[in-house]
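The values are calculated or read from the model by the stated rules, or taken from the named source; none is laboratory data. Predicted model only: the values in this text are computed from it and were never measured. Ideal geometry is used to build each Cβ from the backbone, glycine not excepted, and the neighbour counts take in all protein chains shown. Surface accessibility is based on the protein's heavy atoms, side chains included, excluding ligands, DNA and RNA. Shrake-Rupley method; radii C 1.70, N 1.55, O 1.52, S 1.80 Å.
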Amino acid sequence: MGVAQKFEGLIEDVRENFGDDIIALRRRIHEEPELGFDTEKTAQKVLDAIGDLPLEIQTSVAQNGIVATLHGTESGPTVGLRADMDALPIHEETGLPFASKIDGKMHACGHDAHTSMLVGAARTLCQEHLRERLRGTVRFYFQPAEEGGGGGRVMVEEGALEGVDSVFALHLWPGLELGKAATKPGPAMAAADAFEMEIRGRGGHGAMPHLTTDAVAMAAQIVTALQTIVSREVDPVEPAVLTVGQIGAGTAFNIIPEVARIAGTVRTMSGDLRERMPRRIEDLARGITRGMGGDIELDYTFSYPVTRNDPEAVSLALDVAGRLFGEEAAVEAEHPSMAAEDFAFMLEEVPGAYIWLGVGDVSGLHTPKFAFDESVLPRGSALLAALALESLA
Ligand code: NI
């Protein structure tokens, strides 16, 4: 690392030159949310906003993703900056003038903000007076399918991270004071895995339970028993979550159904525990059903790994955020979040840091009323630009 870069005036520079464009782009993306890998129109909006810049642009990465490369004036390492582009299947209830025009789809996780902040960072860094400070290459990743599709994994599989030395991403974070940035070394977000269980008994008349094996009664026992895996088997100081989010059985009040189904999510922070969970869930549920005369079938999916930040990247990020926003606005987070993030796949390939950008006390992520103060957008662009400047100093 070379001499610490100066960031005085960078936020004002971004705000004055690009602030309105960043906000307008965010609103255009917000109005027309797209899900999963189907982010074609969003990608087009990004291309329209960066098409005039001196970037090498690669499209159709992970289907509708974009990788844009900016070469500095001298050669050196490569830093990656990543934003996610996809929305959620939620009906928006913010009442904003630029609210979603597409029924049942909404940018309720701030990915519209992340995308426009990254465009703002690209525009900022392409200015000659900043570009000439880049000793190396910046790669901008516009990624689809963060919300369950694993677009980050696909980008890695397609080789988009090859030759990259460090990588950073931002996420708007309700509950963290507006304008503050927070991150932590090591595990920052949980591994998120999913299970579905079919509980099989023998159906029959609701009035003759002795002639049946009641799948509903077995499911109820299983849901209760599953609570004891985290509370009784996991070290109390180790973070873990087991949530049964779905349960279903039966067709009528007086019929004992043959089959019941439950589904849930498991969140862990360590590889060991993560590996152990499916076996424990299966053994416990099978023990209960065998004892009651039935059986189960478990379908378990390992989804997103732990989002693990590199300690050096974290200290660089906190140092940059402190110099840009002021010391008190750069926070080393005490605890990880049990939410998950597919940037984890990129962090498995390349050291880097995932940074939370505070939007204060607003309706939570993934809620129909999620909205935030857009003054955070130019600040986020400035932070991304500063991370690149510092990494390539
Ligand atoms: Ni998100």
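Couple of notes before you dig in:
- Tallying residues that are open to solvent by 40 Å² or more (accessible area, probe 1.4 Å) and assigned to a strand (DSSP E or B) within the range 315-359 yields 2.
- Counted residues, the range 101-135 - those being farther than 23 Å from residue 383 by Cβ and either hydrophobic (A, V, I, L, M, F, W, C) or more than 16 Å from the ligand (Cβ to nearest atom) (or both): 5
- Entry remark, the range 167-203: residues being over 18 Å from the mean Cα position of the chain (by Cα), under 24 Å from residue 385 (Cα atoms) and part of a strand (DSSP E or B) number 0 in total.
- Residue match in the range 148-159 (condition: more than 25 Å from residue 6 (Cβ to Cβ), of a type in the set (Gly, Ala, Ser) and more than 16 Å from the ligand (Cβ to nearest atom)): yes
- Among (1) away from the ligand (no atom under 16 Å from the Cβ); (2) of a type outside the set (D, E, K, R); (3) in a strand (DSSP E or B); (4) closer than 23 Å to residue 370 by Cβ, the one test that residue 91 misses: (3)
- Residue in the range 165-176 that is open to solvent by less than 50 Å² (accessible area, probe 1.4 Å), closer than 30 Å to residue 60 by Cα, assigned by TED's automatic domain parsing to the domain that holds residue 324 and not hydrophobic (A, V, I, L, M, F, W, C) present: yes
- The range 121-160 - residue that is β-branched (Val, Ile, Thr) and in contact with a strand residue (DSSP E or B) (Cβ under 7 Å, 6 or more places away or on another chain) and, of those, surrounded by the most Cβ atoms within 10 Å (Cβ to Cβ): 138
- Scanning the range 266-289 for residues that are under 9 Å from residue 242 (Cβ atoms) and open to solvent by 40 Å² or more (accessible area, probe 1.4 Å) returns a single hit, 267.
- Summed over the range 361-383, the residues that are in contact with a strand residue (DSSP E or B) (Cβ under 8 Å, 6 or more places away or on another chain), away from the ligand (no atom under 16 Å from the Cβ) and open to solvent by less than 10 Å² (accessible area, probe 1.4 Å) give a count of 1.
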